[in-house]
Amino acid sequence: MGTNNIVILAIESSCDETSAAVIVDGKVLNNIVATQSVHEKYGGVVPELASRAHQENLIPVVQEAIFSSGIKKADLSAIAFTRGPGLMGSLLVGVSFAKALAYARGIPLIEVNHMQAHILAHFIDEPKPAFPFICLTVSGGHTQLVLVEDHLTMKVIGETQDDAVGEAFDKTAKLLGLPYPGGPLIDRYAKEGNPKAFSFPITRMPDLNYSFSGIKTAVLYFLRDELKSNPNFITENLADLCASIQYSLIEMLLIKLKLAVKEHKVKNVAIAGGVSANSGLRETLGKLAKEKGWNLYIPKFEYCTDNAAMIAMAAHYKFLKGEFSNYEVSPLAKMKL
Ligand code: KG4
Ligand code: ZN
């Protein structure tokens, strides 16, 4: 590795995945992810357990990223990390490690906004979206419509006023008795079900904003009433329930996406974040894009959910602009885009 190469080690630890990746001159070499299964039995992420698991997993994950990329620590030009948004204890593990390593090696530190990184995951592989584009960022913690003007110039034009759509997937899945995270399971059962079997509300908020808390309550009361007359209602109708819940969630997402595209007169559309792995959303959006003549960008599955490759990609652009942090930087649980 020559001294002119830009070699960055990136670390992601905002929620329940511990991840590290190495990027050389804008090319991601690997993406090591350790998923924490400890949360499954609690039906959601337990912050204290997440921080402990990060503490345990981080060094092996970083070692694996360095080893499998073939670089040496001495080749590193900078260390990147997720500063926020995320769980404070989880972020602290990654931030402290990144600070210590950068300080010890005397190299720059690059802080990355997790939500910006989800969007920049689109620049890991071809085809890369053309600017400007609208990105629907859908994760377990956020639901945002973002106008992306440049790699590092982004504006939130709409967002959820309560739950994130991933949370709506996971919480309704929990009501159906499915383990955490329920989003991928709803996706799987929905494939066999009828999306029109049951009708769940489609909440319409003003402007380009979203609300996903209503559907959770609607599903709760609906199930409570049905279970009174048939205790096997959920098991007998699981696929149809999943398909119908997923249908409403996708409808809500796409109504505002269509409006955003119209209002901002763009033709380039992307999706990002964990929920962009949803096959129903990918399929419906694919059809919609064809019908509307949009250029649609959908990330590879491995770059939808939390990963350090996206942090590395964001860090590369920040490195090129000389956007470095000082060694006193601290995590921000509620970091704005
Ligand atoms: O982006 P992400 O990995 O973490 C956050 O930053 O939140 O997103 C995780 C979310 C979870 O709510 C999970 O249930 C959801 O993404 N998710 C899915 C699918 N895969 C992941 N939701 C629906 N269908 C999927 N296939
Ligand atoms: Zn995320």
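The values are calculated or read from the model by the stated rules, or taken from the named source; none is laboratory data. Predicted model, so just to flag it, every value in this text is computed and none were measured. Methodologically, a virtual Cβ is constructed for each residue, glycine included, from the backbone with ideal geometry; neighbour enumeration extends over all protein chains shown. The accessibility values were calculated without ligands, DNA or RNA, using every heavy atom of the protein model including side chains. Shrake-Rupley method; radii C 1.70, N 1.55, O 1.52, S 1.80 Å.
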Q) Can you name every residue in region 43-92 that is closer than 25 Å to LYS336 by Cα, buried (at least 21 other Cβ atoms within 10 Å of the Cβ) and more than 16 Å from ligand 2 (Cβ to nearest atom)? A) ALA78, ILE79
Q: Please work out which residue is farthest from ligand 1 (Cβ to nearest atom), limiting yourself to region 159-180 and to residues that are under 20 Å from SER244 (Cβ atoms) and acidic (Asp, Glu).
A: ASP163
Q: Only one of these is outside any strand (DSSP E or B), modelled with pLDDT under 95, away from ligand 1 (no atom under 14 Å from the Cβ) and not aliphatic (A, V, I, L, M): LYS336, LYS318. Name it.
A: LYS336
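Residues are listed down the side, and each one gets a yes or a no for (1) in the same structural domain as ARG204 (by TED's automatic domain parsing); (2) at negative phi:
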{"position": "GLY273", "(1), (2)": "yes, no"}
{"position": "LEU285", "(1), (2)": "yes, yes"}
{"position": "ALA309", "(1), (2)": "no, yes"}
{"position": "LYS334", "(1), (2)": "no, yes"}
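Being β-branched (Val, Ile, Thr), in a helix (DSSP H, G or I) and touching a strand residue (DSSP E or B) at 6+ places or on another chain (Cβ under 8 Å) is the filter here, so list the residues in region 148-202 that pass it. Show your work before the answer.
First pass over region 148-202, keeping only residues β-branched (Val, Ile, Thr): 148, 153, 156-157, 160, 165, 172, 186, 202.
Then keep just the ones that are in a helix (DSSP H, G or I); that gives 165, 172, 186.
Scanning region 148-202 gives a single hit, VAL165.
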Q.
Could you check region 271-298 and list, in sequence order, the residues that are within 16 Å of ligand 2 (Cβ to nearest atom) and either acidic (Asp, Glu) or surrounded by 24 or more Cβ atoms within 10 Å (Cβ to Cβ) (or both)?
A. ILE271, ALA272, GLY273, GLY274, VAL275, SER276, ASN278
**Q.** Scope region 208-267; condition assigned to a helix (DSSP H, G or I), surrounded by fewer than 20 Cβ atoms within 10 Å (Cβ to Cβ) and of a type in the set (Val, Ile, Thr); matching residues
**A.** THR217, ILE234, THR235, ILE255
Q) In this structure, is ALA190 within 19 Å of LEU285 (Cα to Cα), within 11 Å of ligand 1 (Cβ to nearest atom) and of a type in the set (A, V, I, L, M)? A) yes
Q) Is it true that some residue in region 21-42 is in contact with a Ser or Thr (Cβ under 9 Å, 6 or more places away or on another chain), open to solvent by 40 Å² or more (accessible area, probe 1.4 Å) and within 15 Å of ligand 1 (Cβ to nearest atom)? A) yes
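Being polar (S, T, N, Q) and either within 12 Å of ligand 2 (Cβ to nearest atom) or open to solvent by less than 10 Å² (accessible area, probe 1.4 Å) (or both) is the filter here; which residues of region 93-121 pass it? Spell out how you get there, then give the answer.
From region 93-121, those polar (S, T, N, Q) are 96, 113, 116; that's our starting set.
Of everything in region 93-121, those that are polar (S, T, N, Q) and either within 12 Å of ligand 2 (Cβ to nearest atom) or open to solvent by less than 10 Å² (accessible area, probe 1.4 Å) (or both) turn out to be ASN113, GLN116.
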Q: Test each condition in (1) without any contact (Cβ under 8 Å) to a residue 40 or more places away in the chain; (2) under 25 Å from LYS258 (Cα atoms); (3) open to solvent by less than 70 Å² (accessible area, probe 1.4 Å); (4) among the acidic types (Asp, Glu) for GLU149 and report the one that comes out false.
A: (3)
Q. Which members of region 130-146 meet the condition of being open to solvent by 10 Å² or more (accessible area, probe 1.4 Å), more than 16 Å from ligand 1 (Cβ to nearest atom) and under 20 Å from GLU159 (Cβ atoms)?
A. PRO132
Q | Pair list, Cβ under 6 Å, 6 or more apart: region 261-276 residue more than 16 Å from ligand 1 (Cβ to nearest atom), other residue small (Gly, Ala, Ser) and open to solvent by 10 Å² or more (accessible area, probe 1.4 Å) | A | ASN268/ALA130
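Quick grid of which residues meet (1) among the aromatic types (Phe, Trp, Tyr); (2) more than 24 Å from SER325 (Cα to Cα):
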residue	(1), (2)
MET1	no, yes
CYS15	no, no
ALA34	no, yes
SER37	no, yes
VAL62	no, no
ALA65	no, no
PRO85	no, no
LEU91	no, no
PHE97	yes, no
